[in-house]
1. GLN13 fails exactly one of the following numbered conditions: (1) part of a loop (DSSP other than H, G, I, E, B); (2) open to solvent by 80 Å² or more (accessible area, probe 1.4 Å); (3) modelled with pLDDT under 80. What is the number of that condition?
2. Determine which single condition ILE234 fails, assuming it passes every other condition in (1) assigned to a loop (DSSP other than H, G, I, E, B); (2) touching a residue at least 40 places away in the same chain (Cβ under 8 Å).
3. Restricting the search to segment 247-288, which residues are in contact (Cβ under 8 Å) with a residue 24 or more places away in the chain, open to solvent by 80 Å² or more (accessible area, probe 1.4 Å) and part of a helix (DSSP H, G or I)?
4. Report yes if some residue within segment 204-212 is in contact (Cβ under 8 Å) with a residue 40 or more places away in the chain, surrounded by 11 or more Cβ atoms within 10 Å (Cβ to Cβ) and charged (D, E, K, R); otherwise report no.
5. Tally time: how many residues in segment 213-224 are open to solvent by 50 Å² or more (accessible area, probe 1.4 Å), aliphatic (A, V, I, L, M) and touching a residue at least 12 places away in the same chain (Cβ under 8 Å)?
6. Which of the numbered conditions does SER87 fail, given that it passes all the others? Conditions: (1) assigned to a loop (DSSP other than H, G, I, E, B); (2) more than 28 Å from ALA193 (Cβ to Cβ); (3) modelled with pLDDT of 90 or more.
7. So which pairs qualify, if the first residue must be in segment 1-26 and under 22 Å from ARG353 (Cβ atoms), the second must be assigned to a helix (DSSP H, G or I) and at pLDDT 65 or above, the Cβ gap must be under 9 Å, and the two must be at least 6 apart or on different chains?
8. In segment 144-159, how many are modelled with pLDDT of 85 or more and either among the charged types (D, E, K, R) or farther than 16 Å from SER87 by Cβ (or both)?
Amino acid sequence: MSQAKNDRDDSRQQAGASQSLDRMIRQGRSFSGRERHCVFLNTLAAGGHGDRFAMISAVSGLDFPDDGRALAYVDWDHDGDLDLWFSNRNAPRLRFLRNDISGKNHFIQLRLMGNGVETNRNGIGARVTIVLKDSGNGAPSKLIKTLRAGEGFLAQSSSWLHCGLGDSAEIEQVTVRWPNQSGDAENFGPLVANRRYELVQGASNPQALPNEPRQLAIKSSTLNVPPQANKHRIPLVYSLPPPRLGYFDFEGRPHEFELGSQHVTLVNLWSTTCQPCVEELAEFARRADELETAGIRILAISIDALQSDDPQATSSAKGLVDRLEMPFVTGMAPPGVMDQLQRLHNTVINLERPLPLPTSFLIDRNGRLDIIYKGPVEVDTLLADARDVQFGPLERLQRAAAFPGTAIDNDIINSPTMQAGIHFSVARQLLKLGKTDQAIAEYREAEKQAPDSAIVHNDIGVLFMRQSKIDLAAEHFVRAVELDPDDVGMRINLA
């Protein structure tokens with residue numbers, strides 16, 4: 001019992017650590033703590049003395065500030081030295097560093113091929129010994145390398161064995177100990193330095209491969225960091241249900257605000273201390289007739305009272321509204337509204353940064369969130385976005401892309417499962433807020449998109465059970481078991 005409890009505790013700790021790490025990444029924090037790449041020189045291998053490793057990051061030129069993930073080495077241009085590929089979590093996602101260091105040292109490159117019977121075809125696990133002719137200068141006369149399937153995180157270097165020979169140009173013998181049960185050792189020769197060979201198990205004569213340097217199609221480029229923008233327009237690939245929104249008028253009376261009803265609504269968050277907010281509201285007021293003609297309503301709610309304990313916050317907000325003569329619905333944000341809208345934002349956008357001011361949410365005529373504006377939004381943009389245009393999944397995907405390109409129209413984009421997934425995600429967010437009825441409505445939308453999803457039916461059944469609607473729950477559990485009869489959990493729910 002004690003061991004089982006310890007295992008459960010360990011499992012919970014691991015799950016908690018994974019969730020904390022995932023949350024940290026979503027919040028935009030650096031995985032590496034903004035540490036630059038580090039490069040160490042093995043001083044003993046280089047004939048030095050004292051400490052075994054020396055930090056040479058800066059002088060190597062490899063100390064990039066990237067949030068690095070993987071490193072792979074390969075002689076990409078076939079010129080006898082190893083080049084490097086870096087992959088990063090942030091931009092640039094890939095870096096290629098071509099090794100153009102000039103030198104007179106020698107090398108040999110070997111590709112192993114097992115017989116595919118008692119030895120794997122790639123020769124993984126083989127140990128290669130290269131015996132060099134004694135140069136008389138005390139340099140090592142024997143080099144040993146083992147072929148491994150991989151030795152890095154999220155990367156796979158070349159399966160070629162690359163051996164630097166220093167100033168030794170003559171190879172006396174190459175021995176391969178194959179990774180079979182008997183550990184057969186096989187000698188190959190003669191081999192010539194600065195060449196590429198294929199060593200085939202059972203064939204003592206090595207095959208020399210073409211050694212001409214190949215021309216690279218990769219061209220060097222400069223990484224242009226885009227300037228930081230103060231506003232972003234974020235169209236959604238799939239529209240979402242916004243929370244039920246209310247507000248307090250400037251006398252403190254609560255009001256509900258109905259979304260949809262064949263109207264486009266802009267929910268605008270603002271503050272008197274935010275100059276871009278004031279300028280945005282002034283433009284809304286100046287062009288109110290155009291917005292009304294286009295069927296656009298505005299609910300502009302101040303968050304001043306949520307940000308400050310100043311008892312004059314409400315009167316300051318009212319003073320700005322009166323001065324601008326704003327003809328649309330205005331008021332003060334109720335407690336909790338920012339948390340709800342932040343959660344809605346986090347459902348769509350993986351980077352969970354706090355909402356800036358101003359932030360606006362465009363609700364379509366069906367009462368679904370269509371676009372998020374972070375920073376000021378111009379009236380001309382609103383007028384264009386509010387047009388009653390029906391987009392298919394592919395058009396919505398292209399509209400939501402952050403940069404131009406070509407979208408691939410395939411079954412994945414148009415699949416019911418993909419479209420149901422967003423409703424599934426929203427439903428789970430609503431459950432965290434305790435909004436079971438709204439969560440069921442989202443599951444119903446998911447059911448329309450993917451009626452043959454056992455998971456959707458099972459989850460709907462669980463929610464109906466919580467509401468003691470046993471007949472409805474049983475109906476969905478029966479359907480879930482029909483779709484996935486091998487799932488034990490679903491059968492237990494039905495039982």
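The values are calculated or read from the model by the stated rules, or taken from the named source; none is laboratory data. This is a predicted model, so every value here is computed, not measured. With ideal geometry, Cβ positions are generated from the backbone for all residues, glycine too; neighbour counts draw on all protein chains shown. Heads up: the accessible areas ignore ligands, DNA and RNA and are worked out on the full protein's heavy atoms, side chains in. Shrake-Rupley method; radii C 1.70, N 1.55, O 1.52, S 1.80 Å.
1. For GLN13, the failing item is (1).
2. Tallying (1) assigned to a loop (DSSP other than H, G, I, E, B); (2) touching a residue at least 40 places away in the same chain (Cβ under 8 Å), ILE234 fails exactly one: (1).
3. Across segment 247-288, the qualifying residue is only GLU279.
4. Among the residues of segment 204-212, not one is in contact (Cβ under 8 Å) with a residue 40 or more places away in the chain, surrounded by 11 or more Cβ atoms within 10 Å (Cβ to Cβ) and charged (D, E, K, R), which makes the answer no.
5. Initially, segment 213-224 is screened for residues open to solvent by 50 Å² or more (accessible area, probe 1.4 Å), giving 213-215, 217-224.
The next check asks that each one be aliphatic (A, V, I, L, M); those that pass are 217-218, 223.
Okay, now just the ones that are also touching a residue at least 12 places away in the same chain (Cβ under 8 Å), so 218, 223.
Residues flagged as open to solvent by 50 Å² or more (accessible area, probe 1.4 Å), aliphatic (A, V, I, L, M) and touching a residue at least 12 places away in the same chain (Cβ under 8 Å) within segment 213-224 amount to 2.
6. (1)
7. Every condition considered, the pairs that remain are ARG26/ASN346.
8. Selection size over segment 144-159: 7.
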